[in-house]
Amino acid sequence: MTVGGRSEPLGSPGDKRIFDLLRALADGVLVGHGTAAAEGYGPITPETRVGRLRAALGRPPTAPIVVVSGRASLDPGGKLLGGPSPTICVTCEAADPDRRAALADAGAEVLVCGDDDVDLPTTLDRLAERGLEQLVCEGGPQLLHAALTAGVVDELDLSISPALVGGESRLLEAALGTPARLDLRQLLEEDGMLFTRYAVAGAR
């Protein structure tokens, strides 16, 4: 769900702490191009809150942002590029070769996984080869739908804000062919906001 096209207004200080901790524990952040653009994503650097938290946990202070874009739509001049950890753009063979080349020239690492669409299982295998084995996926609805359909989601961390918004935004862009069965592992509350952690059945 979003307010004005962004999810941040629905958050809380507790939500932000959990968000930062998940990023700090992950080897990389997986996100769809639309979400990265709408939310103004930038690189994780040692000076950011997440970078400092990673260092305090004994982790490398930087981590790559992995942007999934079937058409390689990432902006070569955007702020995501040029950070200490190269941004990875995952795309497919159908993406314009000139756009792929422009991203590579701008410093992005371009991974081609799939023919007409991004193949997420192949993507995860390719990222694991680079040492990125544990990823936190931050959406959006299209990427989450694709990941659940591909069976590559093993945990869902869902924050429930005490606000009614309405509108057309949804957690998933469309109905799943088979419902994803969830097993509640943890439930926390702060200031009326609920923080849930579910195991997802059927992950590969």
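Number of residues in region 58-72 that are touching a residue at least 40 places away in the same chain (Cβ under 8 Å) and either of a type in the set (A, V, I, L, M, F, W, C) or surrounded by fewer than 18 Cβ atoms within 10 Å (Cβ to Cβ) (or both): the value is 3.
When you scan region 175-190, do you find a residue that is in contact with a Lys or Arg (Cβ under 7 Å, 6 or more places away or on another chain) and part of a strand (DSSP E or B), even just one? Checking region 175-190: at least one residue is in contact with a Lys or Arg (Cβ under 7 Å, 6 or more places away or on another chain) and part of a strand (DSSP E or B). Summed over region 2-19, the residues that are surrounded by fewer than 17 Cβ atoms within 10 Å (Cβ to Cβ) and either assigned to a helix (DSSP H, G or I) or in contact with a Leu (Cβ under 8 Å, 6 or more places away or on another chain) (or both) give a count of 7. Each residue in region 1-39 was checked for being more than 24 Å from residue 162 (Cα to Cα) and without any contact (Cβ under 8 Å) to a residue 12 or more places away in the chain, and 0 pass. For the residues 121, 97, the requirement of being free of Cβ contacts under 8 Å to residues at least 60 places away in the same chain, at negative phi and surrounded by fewer than 16 Cβ atoms within 10 Å (Cβ to Cβ) singles out 97.
Per the listing 171, 148, 144, 164, the residue uniquely loosely packed, with under 14 Cβ neighbours inside 10 Å, outside any strand (DSSP E or B) and under 18 Å from the mean Cα position of the chain (by Cα) is 171.
Scanning region 146-171 for residues that are within 11 Å of residue 120 (Cβ to Cβ) and not hydroxyl-bearing (Ser, Thr, Tyr) returns 146, 147, 148, 150, 151, 152, 153.
Computed from the coordinates by the stated procedures, all read-outs in this text should not be read as laboratory data. Quick caveat, the model's predicted, so the values are computed rather than measured. Backbone-built Cβ (ideal geometry, glycine too); neighbour counts: all protein chains shown.
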